[in-house]
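The values are calculated or read from the model by the stated rules, or taken from the named source; none is laboratory data. Bear in mind the structure is a predicted one, so any value in this text is a computation, not a measurement. Don't worry about glycine lacking a Cβ; one is built from the backbone with ideal geometry, like all the others, and counts go over all protein chains shown. Accessible surface areas use protein heavy atoms only, side chains included; no ligands, DNA or RNA. Shrake-Rupley method; radii C 1.70, N 1.55, O 1.52, S 1.80 Å.
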Amino acid sequence: MKKQLQYFIRLVNFEFERMYKFLLGIMIILILSNFAGYIIGPLNYVSKANETMKLESLSTTQYIETYGSFSLETLTRSLWILGPIALGIIGFLFYSIFIWYREWLGKNTFIYRLLMLPTSRMHIYFAKLLIIFVGIFSLLSLQIISLWIGSFIISSLTPPEFFSAMTVSEVVRTGIIFPMILPNTLEVFLGIYSLGLVAISVLFTIILLERSYRIKGFPLGIFYALASIGFIISPNLVSLIAKNNYILFNSELIIIVVIFALIVGLVSLLISRYLLKNKITV
Amino acid sequence: MSKYLKLIAFLSFTVVTMSVYSIMQAMAQSVEPLELITLEGDETYADDLYLAGYVNSDVNTLNPGFTYGHGKFNYVADLSFFNQLDHSLNPLVNELTNEYRSFLRGKSPYATFKESETQIVYTGTAADVYWSGELDNQLIISVLDKLTSEETSYTLSLPEDSENSSYLDVRDTYIQYPNMYFTIGSYNVATESNEFNIYAVNLEAAEPQLELIRSIDPQLNEVNGGDYEQQNLDSRYLELTSVDYETTGQPVSGELYIYDYIEDKMLNIPDLETLNSPRILSSAAGLFILNPTEQKYEAYQADTATDPVSLSKVSEISSSGSNSQLIPSFISNGLLYSYEESYTDITSQIGNYTINIQINDLNTGEVVYRGEFVSPDEQNNDVHVDYLDQFGLIE
């Protein structure tokens, strides 16, 4: 057991070493973009405010009543913050696919060496799954730190009369993106990232189906993905079938969706295990 | 160990940051707290109040919901996640969710519920629960016996000629179990106007059926001042008005009429013509008409036993100042309960709007209670109740 754990940790470390440069790249882009926004955002706002107040002969109070004040929340709606988040999401989606396909690149396909290791083949699977989430949460943590530092920067660059102070906790509760990636209730956080875990598991299963059955495997994988999505969202069809939007309480609907998602996750794991054990052979 | 250094560093950074962030989130106030302070009168009057609405504390945040009852504020954001999902500002719906869940299942929480000591009555249309599909003209009534937990449901077809009407809408309900009265609105496509009909049903009849009691004059195209939500299920009186939407492009209210469900008659109140957009309230003590004048209301009691109905002045109800609008809401045990929208001159970015609660002795006009929603933090002038959704008494 101890030896298996050691192998697993080594695999995780190995995958991390391979991901490290990619993750660092996205982190650097995030820092640079966010900090550029923390400096350029307030300066642009003040410049635009002064211009508008001059043009429309407005006082500061009148300008704020008409156009609103400047806060950290204003910046979180800009590309300076949203851009790196989008890049991170797309990047990790791409990396989730690349993390498998890289094993088959080149003449001496590395997958065979991995499969020859004296450890359960599912450790390879879980190491890859874990490292994706280590990367995602590392990025999230950096974003939180960045927002915290940014709140100090913009408060010092924005004149007090134009500035509306908001804590990081308040900022992440507004808008569309932040409540999704940093929900402020534990249940929503666990729910969203559990669904994310299931989504990555399904993606891994599609990849392993393709690698196992090649040309036939890809449409099989797509069919599996569509069936999984259909199964997870099927509780929402209950209201359509019953012609009653209140046949299930909101809490019941969420619980059923989560249970169905966990079932899909479990099925994905079992299929992936079967494929790794029996279909992807050395 | 050195080969794991990078992994350990990243994991430590992630774990520490997320842990500190989670603690900060848990400690952060999700909503600015509120207090209802007594500005005038006896504070014990506030103990029986039930209030629900939304708090505004900052222009950049969503307005969180709150309820007030038994002298305490409760905030929707402080409920558990699953309780928040099923929460309603209507206390009866919350009671049904917690204690009579199977009765509430399949019913719209936004339809009409009435509770008595032994029963809960639900009325709604098929469109209330499934508005994406065809809108069939059926009224659904469910009665829950609280003692036996037995539910009896009735599906009653509205006997309507559907050629000229496209949608039927329950605009008012009066329940005097087992008799129920409905004011059903429909939109006449041919005349492009709202029409109202009064229906009744006796739920203890062998085969309960909706019976058309009266078709309202099409000139009277609005009920209860256009308020879709504040149905007073205990009021035997229906307010009818003719509203002109065409002439000036803005709605202009015409004459006001009052219909009595029990007597099935339009009350003849000649004195109504002299009043300017009065508010109609009723209680166990009878029908009251409140006529707005400058900064106050003149309260009249209608003697519905006479024909024509005579109005006798009872008292005058004053608001607190020139920048406020008093809105009488209901009468109970000789007391008039109102809320007051006030505009004060403060420099807060969220504006200068507050809501106060006022209770008057209807017979004398005397203020027995006036309260204001404020933040416990005296430095914080930016917290106020943005919208009052429910205003009543704890039952």
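Set side by side, the residues A:Leu197, A:Leu208, A:Leu262, A:Leu253 differ, and just one is more than 30 Å from B:Gln25 (Cα to Cα) and aliphatic (A, V, I, L, M), which is A:Leu208.
One residue stands out in region A:1-47 among those that are away from chain B (no Cβ under 14 Å) and farther than 26 Å from A:Gln143 by Cβ: the one that is surrounded by the most Cβ atoms within 10 Å (Cβ to Cβ), namely A:Gln4.
Total residues in region B:314-340 satisfying the condition of being under 15 Å from B:Asp361 (Cβ atoms), assigned to a strand (DSSP E or B) and not hydrophobic (A, V, I, L, M, F, W, C): the figure is 7.
Residue count for region A:148-178 under the criterion of being at the interface with chain B (Cβ under 10 Å from one of its Cβ atoms) and either of a type in the set (S, T, N, Q) or assigned to a helix (DSSP H, G or I) (or both): the result is 8.
All conditions but one from (1) within 14 Å of chain B (Cβ to nearest Cβ); (2) out of contact with any strand residue (DSSP E or B) (no Cβ under 9 Å at 6 or more places or on another chain); (3) open to solvent by less than 70 Å² (accessible area, probe 1.4 Å) apply to A:Thr109; the one that does not is (1). Taking residues in region A:264-277 that are outside the structural domain of A:Ala127 (by TED's automatic domain parsing) and in contact (Cβ under 8 Å) with a residue 60 or more places away in the chain, and partners anywhere that are open to solvent by less than 50 Å² (accessible area, probe 1.4 Å) and among the charged types (D, E, K, R), the pairs with Cβ atoms closer than 9 Å and at least 6 places apart or on different chains are A:Leu275/A:Arg211. Scanning region A:197-231 for residues that are within 19 Å of the chain's Cα centre (by Cα), without any contact (Cβ under 8 Å) to a residue 60 or more places away in the chain and closer than 17 Å to A:Ile259 by Cβ yields A:Ala199, A:Ile229. Among the residues of region A:116-136, those that are open to solvent by less than 10 Å² (accessible area, probe 1.4 Å), over 15 Å from the mean Cα position of the chain (by Cα) and not hydroxyl-bearing (Ser, Thr, Tyr) comprise A:Ile124, A:Ala127, A:Lys128. Of the residues making up region A:67-87, those that are out of contact with any Asp or Glu (no Cβ under 8 Å at 6 or more places or on another chain) and within 14 Å of another protein chain (Cβ to nearest Cβ) number 10.
Looking only at region B:7-49, residues that are facing chain A (nearest Cβ under 9 Å) and in contact (Cβ under 8 Å) with a residue 40 or more places away in the chain come to 1 in all.
Hey, does region A:55-66 have a residue that's within 14 Å of chain B (Cβ to nearest Cβ) and open to solvent by less than 20 Å² (accessible area, probe 1.4 Å)?
Filtering region A:55-66 for residues within 14 Å of chain B (Cβ to nearest Cβ) gives A:59-66.
Pick out the ones that are also open to solvent by less than 20 Å² (accessible area, probe 1.4 Å) and you get A:63.
Looking through region A:55-66, at least one residue is within 14 Å of chain B (Cβ to nearest Cβ) and open to solvent by less than 20 Å² (accessible area, probe 1.4 Å).
Sort through B:Thr293, B:Thr347, B:Thr354 and tell me the only one that's modelled with pLDDT of 85 or more and open to solvent by 20 Å² or more (accessible area, probe 1.4 Å). Criteria check complete, one pass: B:Thr293.
Only one of A:Gly191, A:Gly265, A:Gly175, A:Gly230 is in contact with a Lys or Arg (Cβ under 8 Å, 6 or more places away or on another chain) and small (Gly, Ala, Ser). Can you tell me which?
Testing whether each residue is in contact with a Lys or Arg (Cβ under 8 Å, 6 or more places away or on another chain) and small (Gly, Ala, Ser) leaves just A:Gly175.
Among the helices (runs of 4 or more DSSP H) confined to region A:18-101, the ones with at least 3 residues that are in the same structural domain as A:Leu139 (by TED's automatic domain parsing) and closer than 21 Å to A:Arg173 by Cα are located at A:72-76, A:79-101. Give the residues of region A:238-282 that are among the polar types (S, T, N, Q) and closer than 30 Å to A:Glu210 by Cβ, sorted by residue number. Listed by number, the residues that qualify are A:Ser268, A:Ser272, A:Asn278, A:Thr281. Applying a threshold of 8 Å to beta carbon distances and a minimum spacing of six or more residues, or different chains, the list of pairs starting in region A:62-75 at a residue that is over 12 Å from A:Ala49 (Cβ atoms) and ending at one that is of a type in the set (D, E, K, R) and buried (at least 16 other Cβ atoms within 10 Å of the Cβ) reads A:Glu73/A:Glu170. Which residues, counting only those in region B:104-129, are more than 12 Å from chain A (Cβ to nearest Cβ) and open to solvent by less than 30 Å² (accessible area, probe 1.4 Å)? B:Thr112, B:Phe113, B:Ile120, B:Val121, B:Thr123, B:Thr125 - these are the residues of region B:104-129 that are more than 12 Å from chain A (Cβ to nearest Cβ) and open to solvent by less than 30 Å² (accessible area, probe 1.4 Å).
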